[in-house]
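Reading through the structure tokens given below for one structure.
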Amino acid sequence: MNIDDLLSSIDSEIARLQQARALLSGIDKQDAKPTKRKRPKLSAAARKRIGDAQRKRWAAVRKAAKNIPVKAAKKTVKRAPAKKVAKKAPAKKAAAKKVIAKKTPAAKAKKAAPEKTAPAATEAAAS
């Protein structure tokens, strides 16, 4: 047997098996077409009724939103303009430094210590 004979016998066997399968499953695949879901068609009058009903619902929502009493406005902290803030910033910074200096007496001692050692260093350099 040559290859062409083998291929033709295999093809005929495949065709016979496919026919048997189609008969057993009850569906002939060659005649079957994919079905698409059909959407119901609305008439123009039905679309108009649906649209009118939706607009009526929107109008009711808008009317309800207008009738809601406005609550007392929350107190908001007004911010000073940037120029005024910039002028006040150095004063606030200086005041904060004064408060820190009052709270920590050790800071004063540290500042005083270098002053005492500085004259001694100059005396040694002078001699």
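Quick notes on this one:
- Any hit, segment 57-73, residues being at pLDDT 70 or above, more than 34 Å from the chain's Cα centre (by Cα) and surrounded by 10 or more Cβ atoms within 10 Å (Cβ to Cβ): no
- Among the residues of segment 40-50, some residue qualifies, meaning at least one is within 41 Å of the chain's Cα centre (by Cα), of a type in the set (Val, Ile, Thr), in a helix (DSSP H, G or I) and at pLDDT 90 or above.
The values are calculated or read from the model by the stated rules, or taken from the named source; none is laboratory data. The structure displayed is predicted, hence computed values, not measured ones. Every residue, glycine as well, gets a Cβ built from its backbone with ideal geometry; the counts of neighbours run over all protein chains shown.
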